[in-house]
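What follows is a short report on a single structure.
The values are calculated or read from the model by the stated rules, or taken from the named source; none is laboratory data. The structure presented is a predicted model; accordingly, all values stated were derived computationally and were not measured. Please note: Cβ atoms are built from the backbone with ideal geometry, for glycine as well, and neighbour counts cover all protein chains shown.
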Amino acid sequence: MLSVEGLAARYGGAQALQGVSLSVGAGEVVTLLGRNGMGKTTTLRAIMGLLPAAGGRLTAGCILLDGRPIEALAPHRIARLGLGLVPEGRQVFPTLSVTENLTATAASRGGAAPRWTLPGIFALFPRLAERRGQLARHLSGGEQQMLAIGRALMTNPRLLILDEATEGLAPLIRAEIWAVLGQLRAEGQAILIVDKTLSAMLRLADRHVILERGRSVWTGGSGDFLADPALRAGRLAV
């Protein structure tokens, strides 16, 4: 479905990416791993067409969706092709209610009946149903993250992209979100995810891509990762 090949990008005079390659097939869950500052968020921004808004630019490589290049498209056009982003820091609409946040992004794909509607999101996250009329700025951090995920799902994406899916959340909320992501995977939702909870991602994902200094340096499954104890120490340990 998605293929990123030889991606390079700059922020001002700094080279942020210098050779990122990855792929996500239909129904696959793929993680981006790496220490802080290695290019994970920049890669997600590049895929979504958001680098210019953050002061960056692509300098090489290509991003293909179903074999067609999308790297020159505007973010709204990329979203309409079926990529849904849960950004780092949640970025919900603070002065809109839970219901308004969700309906603001609602879309169907290809003329088919949408998989995700308000009842479906409220069934997935009962806390949001309880707070459906509440302004997003009054929600807890965990509830805002649920809302951000629900908002992305309401676009009915083919590929759900999450940047720091559970960062800064209480353990019980993290567990609830991982359970939801597991349910989405079981239903065939393709997911590309960045997070620091390695144990949860090893259980969830089909494949992992490790970034180091803006470059893809390793790709493999959870079994391959666990079979190489030196990999975590050499590539991920702080």
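Selection over the stretch 53-74 of residues that are assigned to a helix (DSSP H, G or I) and either out of contact with any strand residue (DSSP E or B) (no Cβ under 9 Å at 6 or more places or on another chain) or buried (at least 19 other Cβ atoms within 10 Å of the Cβ) (or both) gives a count of 1.
Among the residues of the stretch 214-226, some residue qualifies, meaning at least one is hydrophobic (A, V, I, L, M, F, W, C), farther than 26 Å from residue 59 by Cβ and at pLDDT below 95. Among the residues making up the stretch 14-38, those that are touching a helix residue (DSSP H, G or I) at 6+ places or on another chain (Cβ under 9 Å) and not charged (D, E, K, R) are 16, 17, 20, 22, 27, 29, 31, 32, 33, 34. Residues in the stretch 13-25 that are aliphatic (A, V, I, L, M) and under 15 Å from the mean Cα position of the chain (by Cα): 2 in all.
For the stretch 155-211, the set of residues classified as basic (Lys, Arg) and over 18 Å from residue 88 (Cα atoms) consists of 158, 185, 203, 207, listed by residue number. In this structure, does residue 90 turn out to be closer than 28 Å to residue 131 by Cα and basic (Lys, Arg)? In short, yes.
May I ask you to list the residues in the stretch 82-114 that are out of contact with any strand residue (DSSP E or B) (no Cβ under 6 Å at 6 or more places or on another chain), assigned to a loop (DSSP other than H, G, I, E, B) and under 22 Å from residue 50 (Cβ atoms)? Result: 82, 89, 90, 91, 92, 93, 94, 96, 105, 106, 107, 109. Out of contact with any Cys (no Cβ under 6 Å at 6 or more places or on another chain), within 30 Å of residue 225 (Cβ to Cβ) and buried (at least 19 other Cβ atoms within 10 Å of the Cβ) - does that describe any residue in the stretch 86-95? Yes, the conditions are met somewhere in the stretch 86-95. Against the list (1) of a type in the set (Asp, Glu); (2) touching a residue at least 60 places away in the same chain (Cβ under 8 Å); (3) part of a helix (DSSP H, G or I), the condition residue 176 fails is (2).
In the stretch 11-35, what count of residues is obtained for those that are surrounded by fewer than 15 Cβ atoms within 10 Å (Cβ to Cβ) and without any contact (Cβ under 8 Å) to a residue 24 or more places away in the chain? Residues flagged as surrounded by fewer than 15 Cβ atoms within 10 Å (Cβ to Cβ) and without any contact (Cβ under 8 Å) to a residue 24 or more places away in the chain within the stretch 11-35 amount to 2. Check 200, 230, 237 and return the single one that is small (Gly, Ala, Ser), outside any strand (DSSP E or B) and within 20 Å of residue 149 (Cβ to Cβ). From the options 200, 230, 237, the qualifying one is 200. Among the residues of the stretch 115-141, those that are within 26 Å of residue 48 (Cα to Cα) and crowded, with 16+ Cβ neighbours inside 10 Å comprise 116, 117, 118, 121, 124, 125, 136.
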